[in-house]
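S.K.: Next up is a structure, given as structure tokens.
Read-outs throughout are calculated quantities, based only on the coordinates presented, and are distinct from any laboratory measurement. Note that the structure is a prediction, hence the values are computed from the model and not measured. So basically every Cβ, Gly included, is an ideal-geometry build from the backbone, and we count neighbours across all protein chains shown.
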Amino acid sequence: MHRSITRGIVALLLGSMAVLGLAAPQVAHAQSATPLQLTGMRTWASPTGTRVVFDFTAEVTPVAPDSGTGPQLVVAVPSPGLTAAAGVPSELNVADSAIVRVRSILDATGARFWVQLTPGATFKVFTLAAADDKPFRVVVDVQRAGAKASEDQRLATIAAAKKKNRMRLVVIDAGHGGEDTGARGPGGVLEKNVTLSVARRLADTLNAIPGVRAMLTRDSDFFIPLHDRYKIAEKVRADLFVSIHCNSSRRRGSGSGTEVFFLSLKGATDQADQDLADLENAADQLGGVAPQAQDEVVNVLYDVKRNSMLERSQLLAETLLDHVATDRRVSARGIKQAGFAVLKSVEFPSVLVETAFINNPREVLLLKDPKFQSRMANQIATGIREYFNKTGVTLSAEPSSTAAGPDGSR
Ligand SMILES: [Zn+2]
């Protein structure tokens, strides 16, 4: 590439860029040649068991049974040269109701993870692709013995008490949790923590209203698949389902304010709403769900029920937004529709409240302020009470003396 002197500078620049250009693949090559690393080994507790997560810098293929039971489980990751990053423990003494301990053994052939289970515990092993800020993960979900039966019993007891006392039961769903942090705000504010705090305050406020009871889908920091969230509400025979979230403008351009969603069967109000629903629905991928078949029931009766619930969900969304909008610090962005997976039950009206924008510098200050959280909770609770009024529901202050009334409170 010989050129004139005037072109020499250009050539020199082009030459430098070519060098830079050549340098990039070399860096990439160096990265791909970096031995695979184990970068994390951690556990999350939930009411039914414990999840162990192994983080890797790249995809691996674990060798282990998909599911089973037994005193122990070995997950092998055959990968010569696999190393553990600094700070990753070689042993976790879990000592809870599901897992005794987890130990990693790294040698020339790769890694073996030895998970010692409590008697009768069952496990599932699956992988999760890298997504958002999450690395590639191998997950072992361990359920303690009898966990499902005792959880079903707990929910059945709540359903029976609701019927006996003729209460209206509102299930409040704090969005995200555990591995799935949701959106992030400045200063490390996480959506999963804000949603839990608002949800708890909302439950307390609702429980103070005569004739109303509230329960949470989660009351600590663990992950629940989207499908399980409304299934919990169905098992307790909920009257309403309210999912609490925070918006983020990284998802939707610059933004501020509150919006309330109900389910759309035909697609979203607009593309931005579809993007938001896609991101909220990605929770299962971030939080981690073992692959499972979806039970989609479709028949005429189901359609009638579903349409009736959609109408009621719209009324609930409108009523909640009217009340939330009385706080002038957050504007009302309106009622929207999108295909949120968590709103798919046909058993009760359900809405999803995007409280405010967690990455808006002004709104994040509100979202982490306990006073604002309480105010938001109070307004949603007032909206729920108003919704019951509008739909002709009388909230009884006294528990029914005749427990066996016709069809209870529904
Ligand atoms: Zn969310």
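S.K.: By how many nm would the segment from VAL63 to ALA131 grow when fully extended, if each residue of separation counts as 0.36 nm and the alpha-carbon distance is taken off? List each step's numbers first, then the result.
M.R.: Details: separation 68, 0.36 × 68 = 24.48 nm, distance 2.22 nm.
Extending this stretch completely gives an extra 22.3 nm.
S.K.: At a Förster distance of 35 Å, what's the computed FRET efficiency of ASP96 paired with ALA208, Cβ-Cβ distance as r, to 0.05? Display every interim value, and only then the final one.
M.R.: Numbers: r = 34 Å, r/R0 = 0.96.
In this case the efficiency is close to 0.55.
S.K.: While we're here: Quick one: net charge around ARG218, please, counting Lys, Arg +1 and Asp, Glu -1 for every other residue with C-beta under 9 Å from its C-beta. Working shown, then result.
M.R.: On the way: positive: ARG229; negative: ASP173, ASP219, ASP221.
Overall, the nearby charge balance is -2.
S.K.: Here's something else I'd like to know. Would you please give the FRET efficiency between ASP152 and SER249, computed as 1/(1 + (r/R0)^6) with r the Cβ-Cβ distance and R0 = 41 Å, to the nearest 0.05?
M.R.: It comes out at approximately 0.50.
S.K.: Sticking with this one: What does the net charge come to around ASP284 if you take all other residues with beta carbon closer than 11 Å to its beta carbon, with K and R at +1 and D and E at -1?
M.R.: In short, -3.
S.K.: So if each residue of separation counts as 0.36 nm, and I subtract the Cα-Cα distance between ASN378 and ALA160, what length gain in nm does that give?
M.R.: Working it through step by step, the gained length comes to 75.8 nm.
S.K.: Explain nothing, just compute: Karplus ³J(HN,Hα) = 6.51 cos²θ - 1.76 cosθ + 1.60, θ = phi - 60°, for every residue of the range 222-229 in order, whole Hz, x for Gly and Pro.
M.R.: Running phi through 6.51 cos²θ - 1.76 cosθ + 1.60 with θ = phi - 60° gives 9, 8, 10, x, 4, 4, 5, 4 Hz.
S.K.: What distance in nm lies between label points placed 7 Å from Cα along the C-beta direction at THR43 and ASP275?
M.R.: Placing both labels 7 Å beyond Cα along the Cβ direction yields 4.1 nm.
S.K.: Note down the net charge around VAL94, summing +1 for each Lys or Arg and -1 for each Asp or Glu among other residues with Cβ under 11 Å from its Cβ.
M.R.: Neighbourhood net charge equals +2.
S.K.: Just order 330-343, 161-174 by mean Cβ neighbour count inside 10 Å, highest at the front, would you?
M.R.: So the order, starting with the most tightly packed, is 161-174, 330-343.
S.K.: So, one more: List every residue whose amide H lies under 5 Å from the amide H of PHE222, counting only residues 5 or more places away in sequence or on a different chain, with H placed 1.01 Å from N in the peptide plane.
M.R.: GLY178
S.K.: Would you please classify the overall shape of the range 150-390 from the alpha carbon gyration tensor, given that a ≥ b ≥ c denote the square roots of the eigenvalues, rounded means a/c under 1.5, and beyond that prolate means a/b larger than b/c while oblate covers the rest?
M.R.: rounded
S.K.: Label SER220 and THR394 with points 7 Å out from Cα along Cα→Cβ: what is the distance between them in nm?
M.R.: If labels sit at SER220 and THR394, their model points lie 4.2 nm apart.
S.K.: Further, regarding this structure: Using modelled amide H (1.01 Å from N, peptide plane; none on Pro or chain starts), what sits under 5 Å from the amide H of GLY257, excluding residues fewer than 5 places away?
M.R.: Residues meeting the criterion, in which the H sits 1.01 Å from N, are SER331, PHE357.
S.K.: Near the amide H of ALA121, under 5 Å away, which other amide H atoms are found, from residues 5 or more places off or on another chain, if H is placed in the peptide plane?
M.R.: Close amide H contacts, sequence-distant or interchain: GLY70, ALA145.
S.K.: What is the spin-label model distance, in nm, from SER308 to ARG362 if the labels are put 7 Å beyond Cα along the C-beta direction?
M.R.: 4.4 nm
S.K.: From the C-alpha coordinates alone, can you work out the Kirkwood hydrodynamic radius of the range 37-143, in Å?
M.R.: Values: mean 1/r = 0.0727 Å⁻¹.
That comes to 13.8 Å for the range 37-143.
S.K.: Right, here's the next one. Check cross-link reach from LYS163 to the lysines: straight Cα distance under 24 Å, and skip same-chain residues fewer than eight apart.
M.R.: Within the straight-line cut-off, LYS163 pairs with LYS148, LYS231, LYS235, LYS305, LYS344, LYS390.
S.K.: Moving on to the next point. Can you order the peptides 42-54, 259-271, 373-385, 68-80 by their average number of other Cβ atoms within 10 Å per residue, highest first?
M.R.: Listed from highest to lowest mean packing, they are 373-385, 42-54, 259-271, 68-80.
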